[in-house]
1. So which residues in the stretch 237-282 are in a loop (DSSP other than H, G, I, E, B), surrounded by 15 or more Cβ atoms within 10 Å (Cβ to Cβ) and touching a strand residue (DSSP E or B) at 6+ places or on another chain (Cβ under 7 Å), if there are any at all?
2. Which condition does Asp234 not pass, out of (1) assigned to a loop (DSSP other than H, G, I, E, B); (2) open to solvent by 20 Å² or more (accessible area, probe 1.4 Å); (3) among the charged types (D, E, K, R), if it passes all the others?
3. Does Asp198 fit the bill of being touching a residue at least 40 places away in the same chain (Cβ under 8 Å) and over 29 Å from Val44 (Cβ atoms)?
4. Tell me yes or no: at least one residue of the stretch 189-205 is more than 27 Å from Asp262 (Cα to Cα), open to solvent by less than 30 Å² (accessible area, probe 1.4 Å) and among the aromatic types (Phe, Trp, Tyr).
5. Tell me which residues, restricted to the stretch 65-89, are part of a loop (DSSP other than H, G, I, E, B), surrounded by 13 or more Cβ atoms within 10 Å (Cβ to Cβ) and not β-branched (Val, Ile, Thr).
6. I need a count of the residues in the stretch 43-61 that are over 25 Å from Gly237 (Cα atoms) and without any contact (Cβ under 8 Å) to a residue 24 or more places away in the chain.
7. So, Gly145, is that one part of a loop (DSSP other than H, G, I, E, B) and surrounded by fewer than 21 Cβ atoms within 10 Å (Cβ to Cβ) or not?
8. Just to check your reading of the model, which residue among Leu178, Leu199, Leu215, Leu187 is within 24 Å of Arg108 (Cβ to Cβ), at pLDDT 95 or above and in a helix (DSSP H, G or I)?
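The values are calculated or read from the model by the stated rules, or taken from the named source; none is laboratory data. All values derive from a computational prediction rather than experimental measurement. Quick reminder, even Gly has a Cβ in these numbers, built from the backbone with ideal geometry, and neighbours come from all protein chains shown. Accessible surface areas use protein heavy atoms only, side chains included; no ligands, DNA or RNA. Shrake-Rupley method; radii C 1.70, N 1.55, O 1.52, S 1.80 Å.
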Amino acid sequence: MLGSALRYVWQHPRRLAGALAEPAVLVEKLHDHLVQRWEYRTPVHFHEAAPDWERTLHDWLGAPWPCCAQAEFPSLWPEAISEIAAKGINAGPESFAGYNDGDRALVRAIWCLVRHLEPLHTVETGVAHGLTSRFILNGLERNRGGTLWSIDRPPLDPTLKQRIGIAVPERLRERWTLIAGSSRRRLPGVLAQVGQIDLFVHDSLHTEQNVRFELARAWAALKPGGALVVDDIDSNGGYGAFLPSISGFRALVCESEPDRPDERRFNRRGLFAVILKDASFR
């Protein structure tokens, strides 16, 4: 453990000041780093993406395809990318401390879910630059209702910490509650406060341990007819291990569309999944 801590500080010297100010966060990060390194020794977790996942998703939602929400997206995406590019940020794979921003397909799926489900209560884990948060909040604004709770453990690097949620313009923040901390420490309290949720997005620490923790608690709080979105399902065993533990659902595997190839992925793109809870589920 001590050796890992010294290597971590050596490799990331700018995070030393933050680590000294928040030693408990450093210990938590080191634990997660070790779990992630251990889990990633296993082979890639293959899933077969649905070839026409957007049409299937809309069929399941009872929405037309193509839909008006999908038609809104092409103008909104480049606007968001250009705004954060003007702030010196090149969105895409490994753009935030080695992690990815939400890719075009993931965010488009979430956009349509927000516009069609019209969620009152949405919870997400993982914010980074806030591309996904921006589109959720934009959708809620167009729906004229709903709020978003976002949980993100800030980086130890002070420069990166200032970039949390930078893609979210001030005009959209009225409906937003941003909570600092890991999902292990913050998610149970948020769900207890919010009660039932309509939409949940996992895009935080991608280990089987953390994914199963988040999805189990979000599923218990999810309203019938609601949705869970799980990013990077090919990077860990969490999604595959979670599905056998639940019933009354439909699940859809979707291929990501990063702005540039992600060489770490078996398909150079990545995968995410949408899980819909049956409307009749009790």
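1. Within the stretch 237-282, Ser256, Arg269, Phe281 qualify.
2. That leaves (2) as the condition not met.
3. On the way: touching a residue at least 40 places away in the same chain (Cβ under 8 Å): yes; over 29 Å from Val44 (Cβ atoms): yes.
Yes: the conditions hold for Asp198.
4. Checked against the condition, which is being more than 27 Å from Asp262 (Cα to Cα), open to solvent by less than 30 Å² (accessible area, probe 1.4 Å) and among the aromatic types (Phe, Trp, Tyr), the stretch 189-205 yields no hits at all.
5. Of the residues in the stretch 65-89, the ones part of a loop (DSSP other than H, G, I, E, B) are 65-67, 86-89.
Now narrow it down to the ones that are surrounded by 13 or more Cβ atoms within 10 Å (Cβ to Cβ): 65, 67, 89.
Hits for the stretch 65-89 are Trp65, Cys67.
6. Of the residues in that region, 2 qualify.
7. Details: part of a loop (DSSP other than H, G, I, E, B): yes; surrounded by fewer than 21 Cβ atoms within 10 Å (Cβ to Cβ): yes.
In short, yes.
8. On the way: Leu178 fails: in a helix (DSSP H, G or I); Leu199 fails: in a helix (DSSP H, G or I); Leu187 fails: within 24 Å of Arg108 (Cβ to Cβ).
The match here is Leu215.
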